[in-house]
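The values are calculated or read from the model by the stated rules, or taken from the named source; none is laboratory data. Since the model is a prediction, treat every value here as computed from it, not as a measurement. Cβ placement follows ideal geometry from the backbone for every residue including glycine, while neighbour counts extend to all protein chains displayed.
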Amino acid sequence: MLRPIFTRCAARSASAASLRAAASRPLTSPVSWRATATATATQHAARQYSIKAKAASTSTHQDIDPAKLTIEKSTSPKALLKPEELVFGHTFTDHMLTIEWNETSGWHAPQIKPYQNLSLDPATCVFHYAFECFEGMKAYKDKSGGIRLFRPDRNMERFNKSAARIALPTFAPTALIELIATFAKLESRFIPDQRGYSLYLRPTMIGTQKTLGVGPPGSALLYVIASPVGPYYPTGFKAVSLEATDYAVRAWPGGVGDKKLGANYAPCIVPQREAMSRGFQQNLWLFGEEYVTEVGTMNFFVAIRNKETGAKELITAPLDGTILGGVTRDSVLSLAKEKLVPAGWNIVERKYTIKELDEAANEGRLIEAFGSGTAAIVSPVRTISWKGKTINCGLKDHEESGELALKMKDWMEARMYGDDEHEWSYHC
């Protein structure tokens, strides 16, 4: 580690000597001066290049290697709950996937072992400086009993971006997908053989170095746990009511609202509780000049008729750093472009305000609104409360969902469960 420093000092010393020598020459030697200046500039360029990270280190770290996986099966398998007894995120499977990392050697051999507690020192950096990121994804059982993941490449891409943003290690996406697929197959008995059920997978990475110093963690742990889950709405869609929230901000430009960090979620609980105390299920997060961003922990979509053209538009906020780039969000947009555009719809990613929605509702142009996320797929919205007024989002009193939200759910599930064979469905 000291050698590059000595190299830079030597280069700096040589440059200073060259300049002193040049300064002592008579001014009547312009050619010599230019030659010396050129040589000095060359030395500067060489010095700058030599301290680039790529040139300063020749060490290579071990990436995740699925071939080194070891499996220790539980000797006390858990009893299965009845499907109707499953509560989201409350029940966990028999095993967990773990992979340790340190800055010296890189990723260690992956292990699947019985589900168990973690043992961490009280000074572990994750507890003090929030070195933690995670993903939310699902494994599905198709009609033939096969296990499938839904667009795991997108989850791994986002996982890597989140990790890199908080100085945690990155990894080869295909390697982790292979390991998660193996893990999901091992736990497949927990997935009921009914439509609407799945295995919720939670890949998580934490900094594990024992230190109160603020700096990149020298060690980390990547682990994956799984929870069998049923339909988010067991009795069918239930439209929710939202409170537009401008007194608290979920994310801001240049922040980390577009990364899936645990630190983004805890601060949202108090505003959500406040909204619930006033009779609303979730917050609709506003930013700046009352721009609409997200709903709760989901992305948000609205369907309206354009005021000038009358054309139907499906609108969602852009990926400008203030919203999470949801895998479900991207899937909704892709399906909309594939299936709605031929029917005359326009698919739009742009900034829009709560005032625009209020105006569209008052003019009868707001068709419907819904959130999108891994847990619910789509979540219909009935009303939005804003500055003491109620914005009706197109649903009749007896309706729990608009036509578009229902179609999106059906189109998505067809690919998740393999009814519509598609590249988004990854066979485990």
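Given the structure, is residue 399 surrounded by fewer than 17 Cβ atoms within 10 Å (Cβ to Cβ) and either within 30 Å of residue 199 (Cα to Cα) or not polar (S, T, N, Q) (or both)? Yes.
Only one residue in 415, 329, 382 is modelled with pLDDT of 95 or more and in contact with a Phe, Trp or Tyr (Cβ under 6 Å, 6 or more places away or on another chain), so which one is that? Write out each step before concluding.
Working: 329 fails: in contact with a Phe, Trp or Tyr (Cβ under 6 Å, 6 or more places away or on another chain); 382 fails: in contact with a Phe, Trp or Tyr (Cβ under 6 Å, 6 or more places away or on another chain).
After ruling out the rest, the residue left standing is 415.
Residue by residue through the stretch 292-307, note down the ones that are of a type in the set (Gly, Ala, Ser) and closer than 16 Å to residue 393 by Cα. Outline the logic, then answer.
At the first step, the residues of the stretch 292-307 found to be of a type in the set (Gly, Ala, Ser) are 296, 303.
Answer for the stretch 292-307, where residues must be of a type in the set (Gly, Ala, Ser) and closer than 16 Å to residue 393 by Cα: just 303.
Please verify whether the stretch 149-166 includes one or more residues that are in a strand (DSSP E or B) and farther than 18 Å from residue 259 by Cα. Yes: one or more hits.
What residue, of 421, 363, is among the charged types (D, E, K, R) and closer than 19 Å to residue 150 by Cα?
Working: 363 fails: closer than 19 Å to residue 150 by Cα.
After ruling out the rest, the residue left standing is 421.
When the stretch 258-288 is filtered for residues that are among the small types (Gly, Ala, Ser) and either in contact with a Phe, Trp or Tyr (Cβ under 9 Å, 6 or more places away or on another chain) or over 24 Å from residue 136 (Cα atoms) (or both), the ones remaining, listed by number, are 262, 275, 277, 279, 288. The test for being closer than 22 Å to residue 192 by Cβ, surrounded by 14 or more Cβ atoms within 10 Å (Cβ to Cβ) and under 24 Å from the mean Cα position of the chain (by Cα) does not hold for residue 156. Of everything listed in (1) out of contact with any helix residue (DSSP H, G or I) (no Cβ under 8 Å at 6 or more places or on another chain); (2) surrounded by fewer than 18 Cβ atoms within 10 Å (Cβ to Cβ), the single unmet condition for residue 268 is (2). Within the stretch 95-108, the set of residues being surrounded by 15 or more Cβ atoms within 10 Å (Cβ to Cβ) and either over 17 Å from residue 67 (Cα atoms) or hydrophobic (A, V, I, L, M, F, W, C) (or both) comprises 95, 96, 97, 99, 101, 102, 107. Filtering the stretch 347-394 to residues that are surrounded by fewer than 21 Cβ atoms within 10 Å (Cβ to Cβ), touching a Pro at 6+ places or on another chain (Cβ under 7 Å) and touching a residue at least 40 places away in the same chain (Cβ under 8 Å) leaves only 351.
Just one of the numbered conditions (1) part of a helix (DSSP H, G or I); (2) of a type in the set (D, E, K, R); (3) at pLDDT below 95 is not true of residue 178: (3).
The residues of the stretch 283-323 that are over 21 Å from residue 390 (Cα atoms), in a loop (DSSP other than H, G, I, E, B), touching a residue at least 60 places away in the same chain (Cβ under 8 Å) and not hydroxyl-bearing (Ser, Thr, Tyr), listed by number, are 319, 320, 321, 323. The set of residues in the stretch 228-245 that are surrounded by 17 or more Cβ atoms within 10 Å (Cβ to Cβ), assigned to a loop (DSSP other than H, G, I, E, B) and without any contact (Cβ under 8 Å) to a residue 60 or more places away in the chain contains only 231. If you go through the stretch 332-345 and keep only what is β-branched (Val, Ile, Thr) and either modelled with pLDDT under 95 or under 24 Å from residue 251 (Cβ atoms) (or both), you end up with just 332.
Of all residues assigned to the stretch 204-218, at least one qualifies as being of a type outside the set (Val, Ile, Thr), surrounded by 15 or more Cβ atoms within 10 Å (Cβ to Cβ), assigned by TED's automatic domain parsing to the domain that holds residue 83 and not in a loop (DSSP other than H, G, I, E, B). Is it the case that the stretch 249-264 has a residue that's farther than 21 Å from residue 377 by Cα, touching an Asp or Glu at 6+ places or on another chain (Cβ under 9 Å), surrounded by fewer than 21 Cβ atoms within 10 Å (Cβ to Cβ) and acidic (Asp, Glu)? So far as the stretch 249-264 goes, no, none of its residues is farther than 21 Å from residue 377 by Cα, touching an Asp or Glu at 6+ places or on another chain (Cβ under 9 Å), surrounded by fewer than 21 Cβ atoms within 10 Å (Cβ to Cβ) and acidic (Asp, Glu).
Could you say whether any residue in the stretch 202-216 is closer than 30 Å to residue 287 by Cβ and modelled with pLDDT under 95? No, the stretch 202-216 has no match at all. If I ask for residues that are of a type in the set (D, E, K, R) and under 16 Å from residue 355 (Cβ atoms), which ones from the stretch 272-330 would you list? 289, 290, 307 - these are the residues of the stretch 272-330 that are of a type in the set (D, E, K, R) and under 16 Å from residue 355 (Cβ atoms).
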